[in-house]
1. Could you please find all residues in region 150-168 being surrounded by 13 or more Cβ atoms within 10 Å (Cβ to Cβ) and either in contact with a Pro (Cβ under 8 Å, 6 or more places away or on another chain) or within 16 Å of Pro4 (Cβ to Cβ) (or both)?
2. Filter region 150-176 down to residues that are within 15 Å of the chain's Cα centre (by Cα) and charged (D, E, K, R) and give me whichever is farthest from Met105 (Cα to Cα).
3. Can you tell me how many residues within region 44-56 are within 15 Å of the ligand (Cβ to nearest atom) and surrounded by fewer than 20 Cβ atoms within 10 Å (Cβ to Cβ)?
4. Among the numbered criteria (1) surrounded by 14 or more Cβ atoms within 10 Å (Cβ to Cβ); (2) at pLDDT 95 or above, which one does Ser146 miss?
5. What are the pairs with Cβ atoms under 6 angstrom where one residue, in region 7-25, is on the phi < 0 side of the Ramachandran plot and of a type outside the set (Ser, Thr, Tyr) and the other, located anywhere, is at pLDDT 95 or above and assigned to a helix (DSSP H, G or I)? Sequence gap at least six, or different chains.
6. If I filter region 155-176 down to residues being in contact (Cβ under 8 Å) with a residue 60 or more places away in the chain and assigned to a loop (DSSP other than H, G, I, E, B), which single residue comes out as farthest from the ligand (Cβ to nearest atom)?
7. Scan the strands (runs of 3 or more DSSP E) fully inside region 84-154 and keep the ones with 2 or more residues being aromatic (Phe, Trp, Tyr) and away from the ligand (no atom under 16 Å from the Cβ).
Amino acid sequence: MSEPKRLFFALELPSTVREEIIQWRAAHFLPEAGRPVAAENLHLTLAFLGDVSADKEKALATLAGRIRQPGFTLRLDDAGQWLRSRVVWLGSRQSPRGLLQLANMLRAQAARNGCYQSPQPFHPHITLLRDASHAVAIPPPGFCWSFPVTEFALYASTFARGRTRYTELQRWSLSE
Ligand code: 2AM
């Protein structure tokens, strides 16, 4: 039997947006503010599944493939810090309805398949810094990023040689 994998559904960011975000981050946060998430790891989590068996992965991927909803525009115009989870994040002042609908569906499917889902409300965000244990000044995003979201994907998270790596396993299009 294969080892369970640590899985999550997420939105990838366009590479140009990722590059601009890391430039903005480098310009506004001192190195001691926290541990920067690697550019290739910047993403927006829709549903965290935890450690999942191959059978459950297959079932959840099949359900994800049945989701029918249109894409939406994501506007990143907000930033903040959560001291409890020690992260500095980027997000939206107003989350698009399509984003909440997609995340709620994936989270409900995960819960029905026995993947623990936090009872906390879903706060869509992109983690920029980890281990940000001291309050830092959060500049408002100087300009905002806005881009169409037309796909979502399933990722596996692994940790080796001190580095977290996210591997895309499967991707689906958003369409009517
Ligand atoms: P975070 O960025 O706020 O830490 C992969 O670990 C992704 O799943 C991360 O984006 C992480 O969110 C998210 N996630 C949500 N709940 C998690 C949990 N209990 N453990 C690890 N990651 C979690």
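1. Matches in region 150-168: Leu154, Tyr155, Ala156, Ser157.
2. Per the stated criteria, the residue is Arg165.
3. First pass over region 44-56, keeping only residues within 15 Å of the ligand (Cβ to nearest atom): 44-52.
Next, from what is left, pick out any that are surrounded by fewer than 20 Cβ atoms within 10 Å (Cβ to Cβ): 45, 48, 50-51.
Result for region 44-56: 4.
4. All conditions are met except number (1).
5. Qualifying pairs under 6 Å: Phe9/Leu106; Arg18/Ala39; Ile22/Ala39.
6. Looking at the filtered set, the residue picked out is Glu176.
7. The qualifying strands (runs of 3 or more DSSP E) are 145-149.
The values are calculated or read from the model by the stated rules, or taken from the named source; none is laboratory data. Model, not experiment: these values are computed from the prediction. We place every Cβ from the backbone using ideal geometry, glycine too, and count neighbours over all the protein chains shown.
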